[in-house]
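The values are calculated or read from the model by the stated rules, or taken from the named source; none is laboratory data. What you see is a predicted model, and the numbers here were worked out from it, not measured in a lab. Note: ideal-geometry Cβ built from the backbone for every residue, glycine included; neighbour counts use all protein chains shown.
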Amino acid sequence: MIELSQVVKTYQAGLATPFTAVDRVTLSIPAARLTVFKGPSGSGKTTLLTLIGCMARPTSGRIHLHGLAADALPHLAPAEALEITSLPERFLTAIRRRTFGFIFQQFNLVRGISVLENVLLPTYPTGEDPRAVEARAVARLESLGLARHLRSSVDRLSGGEAQRVAIARALINDPAVIIADEPTAHLDSRLSEDFMGLMSEFKDAGKTLLITSHDPIVYDSELADLVVEMRDGRVVSET
Amino acid sequence: MRPPLQRYRNILDFALSSLLRRKGRNLALISVYTLVVFVIASLVFFVQALKREAHELLAQAPDMVVQRMVAGRHDPVPLAQVEAIRNIRGVDEVQARLWGYYYDPVFGGNLTVLATEDAALAPDAIWIGQGVARSMRVKEGDLIPLRGYDGQSNLFSIQKVLPESSELVSSDLVLMAPKDVRALFHFPEGLATDLAIQAGNPRELPTIAAKIVELYPDSRPILKTEILRTYEAVFDWRGGLMVVVLGSAVLSFIIFAWDKATGLSAEERKEIGVLKSLGWESSDVLLLKFWEGTVISVTAFLTGVLLAYAHVFFFSASLFEHALKGWSVLFPRFRLIPALDGYQLTVLFFLTVLPYTAATLVPSWRAATVDPDAAMRS
Ligand SMILES: Nc1ncnc2c1ncn2[C@@H]1O[C@H](COP(=O)(O)OP(=O)(O)OP(=O)(O)O)[C@@H](O)[C@H]1O
Ligand SMILES: [Mg+2]
């Protein structure tokens with residue numbers, strides 16, 4: 001479970017034009033479920049995900065991870081709650097690497113290198129045995145139907161293929177939580193359905209899924225266990 | 001928690017493929033960088049080699065040379081002075097030297113013709129330096145004609161080509177008997193070109209010089225230590241020409257490196273954000289940038305140094321021989337004796353590789369320490 005209490009994110013705090021993108025959000029996100037964040041553009045969905053995913057720190061408030069960060073921080077008892085907003089940077093990095101897998105809206109693949117190398121990127125700093133991770137990456141790419149493209153440069157992939165590379169990369173360190181920001185924004189409805197099919201597999205595998213979306217295919221899906229609606233930085237409904 | 005060695009290797013591998021995907025840019029960078037290292041290293045090697053040659057030249061030179069000045073110009077010295085100077089206290093030996101320059105119109109260079117009393121020299125024979133042998137295309141046993149003062153050709157047989165110890169010392173030398181020198185140049189009997197003086201105690205040389213001037217007010221004594229000091233001043237690392245040229249070269253290089261390296265493109269910045277969001281630490285990003293910078297700078301350094309070595313020692317520093325020596329006509333294939341100095345290489349390494357590496361690390365460090373959420377927005 002991910003627990004947020006009174007989380008605030010103010011950009012340019014202390015400057016002439018402070019802007020509060022996330023305002024006093026208190027929320028419980030269940031583990032091993034799919035949670036969808038919806039709401040108009042600018043309502044703070046992406047910002048909220050960056051706070052949960054340890055990519056930025058909230059201006060105030062607390063975020064607890066319950067039993068999710070044990071892989072990242074081995075000294076932690078598996079079920080122990082971890083308050084992440086006050087952790088030192090290197091722990092946050094470890095959590096980003098092991099606990100969360102991000103699928104970005106623009107995929108954020110590194111151009112000019114191969115599909116396989118992109119998937120391996122998160123493993124380089126871990127110093128794991130390269131043969132073991134490579135075998136894992138190849139298996140994952142094959143299961144995503146990208147066997148033919150292992151050595152292709154990512155620059156030439158189609159949108160759906162690029163997204164599956166991004167998914168393989170998000171999964172390479174076997175994270176407990178998968179975060180996807182507008183995953184279907186660049187996909188046609190068939191590919192969007194395919195994406196939701198994959199998400200359902202991950203949910204069955206016990207992953208916690210957080211997805212932001214404007215797309216009814218996502219938030220109206222029966223897979224969605226919780227739909228959080230946001231407006232102007234605040235949570236207006238949870239269904 | 002993480003085996004550090006594997007991490008270094010992984011990140012190095014990625015740095016290499018990273019460099020490859022920006023091939024054009026990095027090749028241009030390495031070329032310019034190599035060129036800079038090449039010029040600086042050539043200069044350092046060349047000046048160092050010249051300095052060595054000069055030292056060798058001076059090691060064989062007498063403690064003091066006395067010339068006679070007439071109307072402000074160098075004029076022959078009467079042999080009568082030899083005895084008088086030998087009687088000055090502290091003087092060990094006075095030798096009247098007989099020498100001159102011979103201009104060879106055929107290959108357009110100057111030779112130094114020097115009289116020698118060496119008994120091994122056969123009559124009507126000469127010994128010549130390697131440079132002379134090369135440019136005249138002659139060898140031992142050949143006959144060569146030298147044009148005398150009156151336009152007549154004088155034939156000499158080459159008895160020996162002097163061994164190559166240091167080319168500057170002996171390369172342009174022609175040794176012949178004193179009577180042949182006088183005949184060739186119509187040099188009057190009873191006069192010498194200058195006097196070479198050895199003193200038992202070098203510290204007495206200034207006193208001896210003063211006494212010589214007292215005795216012969218028209219003479220000009222030149223001490224070896226003075227010449228040495230002039231060489232040092234010109235060629236020295238810490239003072240003189242070297243430091244000025246080297247300093248400006250290094251300065252312009254630092255400016256170049258700074259300019260090239262500090263500009264992180266928007267794409268690189270974004271990439272750093274992506275890497276951080278994937279769980280790379282700032283130190284991992286810095287390690288990546290460090291590898292990239294090191295590969296570029298070490299490649300450029302090694303290539304530049306090797307090219308400079310070939311340039312100076314195999315191609316006779318052809319690019320700036322004219323500017324610095326001004327007498328290259330005689331030495332179409334003049335070769336400096338190869339020598340490498342670890343200290344110089346180290347200094348060179350630090351002057352070129354360090355500024356570049358620092359210049360690449362600073363902006364990456366700034367980018368690597370920002371929050372990774374930049375990767376979420378584009
Ligand atoms: N670095 C920043 N500085 C200032 N304001 C920011 C910054 N990042 C985001 N914002 C603002 O915060 C608000 C929330 O942004 P956010 O990206 O979270 O919205 P969103 O709900 O994801 O919108 P969309 O559906 O369009 O992706 C926006 O008004 C945005 O302009
Ligand atoms: Mg968004």
| field | Test result for A:LEU34, modelled with pLDDT under 95 and away from ligand 2 (no atom under 11 Å from the Cβ) | value | yes
| task | Can you confirm whether segment A:159-182 contains a residue that is within 16 Å of ligand 1 (Cβ to nearest atom), within 13 Å of another protein chain (Cβ to nearest Cβ), charged (D, E, K, R) and over 20 Å from B:LYS276 (Cβ atoms)? | result | yes
| task | Report whether or not B:VAL370 is at pLDDT below 80 and either farther than 18 Å from B:VAL39 by Cβ or more than 14 Å from chain A (Cβ to nearest Cβ) (or both). | result | yes
| remark: Checked segment A:68-109 for anything at pLDDT 90 or above and over 14 Å from the mean Cα position of the chain (by Cα); matches are A:LEU109
| query | B:LEU114: without any contact (Cβ under 8 Å) to a residue 40 or more places away in the chain and either within 19 Å of B:PRO163 (Cα to Cα) or in the same structural domain as B:LEU184 (by TED's automatic domain parsing) (or both), yes or no? | reply | no
| Which condition number does A:TYR124 fail, the rest of (1) among the aromatic types (Phe, Trp, Tyr); (2) facing chain B (nearest Cβ under 8 Å); (3) in contact with a strand residue (DSSP E or B) (Cβ under 8 Å, 6 or more places away or on another chain) being met? | (3)
| task | Would you mind listing the strands (runs of 3 or more DSSP E) fully within segment B:109-154 where at least 1 residues are among the charged types (D, E, K, R)? | result | B:143-147
| query | Across segment B:197-219, what is the number of residues that are at pLDDT 90 or above and basic (Lys, Arg)? | reply | 1
| Test set (1) assigned to a helix (DSSP H, G or I); (2) more than 14 Å from chain A (Cβ to nearest Cβ) - B:LEU16 fails condition number | (2)
| Is it true that some residue in segment B:175-187 is of a type in the set (Phe, Trp, Tyr) and either on the phi > 0 side of the Ramachandran plot or not in a strand (DSSP E or B) (or both)? | yes
| Hits in segment A:79-130 - residues which are part of a loop (DSSP other than H, G, I, E, B) and within 16 Å of ligand 2 (Cβ to nearest atom) | A:PHE104, A:GLN105, A:GLN106, A:PHE107, A:ASN108
| remark: Scanning segment B:19-50 for residues that are surrounded by 15 or more Cβ atoms within 10 Å (Cβ to Cβ), within 14 Å of chain A (Cβ to nearest Cβ) and of a type in the set (A, V, I, L, M, F, W, C) gives B:LEU19
| Which members of segment A:57-78 meet the condition of being in a strand (DSSP E or B) and either hydrophobic (A, V, I, L, M, F, W, C) or under 21 Å from A:GLN12 (Cβ atoms) (or both)? | A:SER60, A:GLY61, A:ILE63, A:LEU65
| request: Have a look at A:ALA56, A:ALA69 and point out the one that is of a type outside the set (D, E, K, R) and more than 11 Å from chain B (Cβ to nearest Cβ). | output: A:ALA69
| task | Of all residues in segment B:294-342, count the ones that are at pLDDT below 85 and not hydroxyl-bearing (Ser, Thr, Tyr). | result | 28
| Taking the condition modelled with pLDDT of 90 or more and within 19 Å of the chain's Cα centre (by Cα), does A:ALA185 pass? | no
| request: Could you look through segment B:203-221, keep only residues that are closer than 16 Å to B:HIS74 by Cα, out of contact with any helix residue (DSSP H, G or I) (no Cβ under 9 Å at 6 or more places or on another chain) and not charged (D, E, K, R), and pick out the one that is surrounded by the fewest Cβ atoms within 10 Å (Cβ to Cβ)? | output: B:PRO217
| request: Check whether at least one residue in segment B:190-202 is loosely packed, with under 15 Cβ neighbours inside 10 Å, free of Cβ contacts under 8 Å to residues at least 60 places away in the same chain and outside any strand (DSSP E or B), and report yes or no. | output: no
| Residue list for segment B:11-30, filter: more than 25 Å from A:ASP129 (Cβ to Cβ) and in contact (Cβ under 8 Å) with a residue 24 or more places away in the chain | B:ASN26, B:LEU29, B:ILE30
| request: Within segment A:212-226, track down each residue that is in contact with a strand residue (DSSP E or B) (Cβ under 7 Å, 6 or more places away or on another chain) and either more than 15 Å from ligand 1 (Cβ to nearest atom) or modelled with pLDDT of 95 or more (or both). | output: A:LEU223, A:ALA224, A:ASP225, A:LEU226
| Matching residues in segment B:19-68 - criterion: being in a helix (DSSP H, G or I), within 26 Å of the chain's Cα centre (by Cα) and of a type in the set (D, E, K, R) | B:LYS51, B:ARG52, B:GLU53, B:GLU56
| strands (runs of 3 or more DSSP E) fully within segment A:1-56 counting 1 or more residues that are over 20 Å from A:GLU238 (Cβ atoms) and in contact (Cβ under 8 Å) with a residue 40 or more places away in the chain | A:2-11, A:19-29
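Quick grid of which residues meet (1) within 11 Å of chain B (Cβ to nearest Cβ); (2) within 16 Å of ligand 1 (Cβ to nearest atom); (3) not hydrophobic (A, V, I, L, M, F, W, C):
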| residue | (1), (2), (3) |
| --- | --- |
| A:GLU3 | no, no, yes |
| A:GLN12 | no, yes, yes |
| A:LEU34 | no, no, no |
| A:LEU73 | yes, no, no |
| A:THR99 | yes, no, yes |
| A:GLN105 | yes, yes, yes |
| A:SER114 | yes, no, yes |
| query | Hey, A:THR26 hits all of (1) away from ligand 1 (no atom under 13 Å from the Cβ); (2) closer than 24 Å to A:ARG97 by Cα; (3) surrounded by fewer than 23 Cβ atoms within 10 Å (Cβ to Cβ) but one; which does it fall short on? | reply | (2)
| said: Being in contact with a Lys or Arg (Cβ under 7 Å, 6 or more places away or on another chain) and at positive phi is the filter here; which residues of segment A:108-126 pass it? | reply: A:GLY112
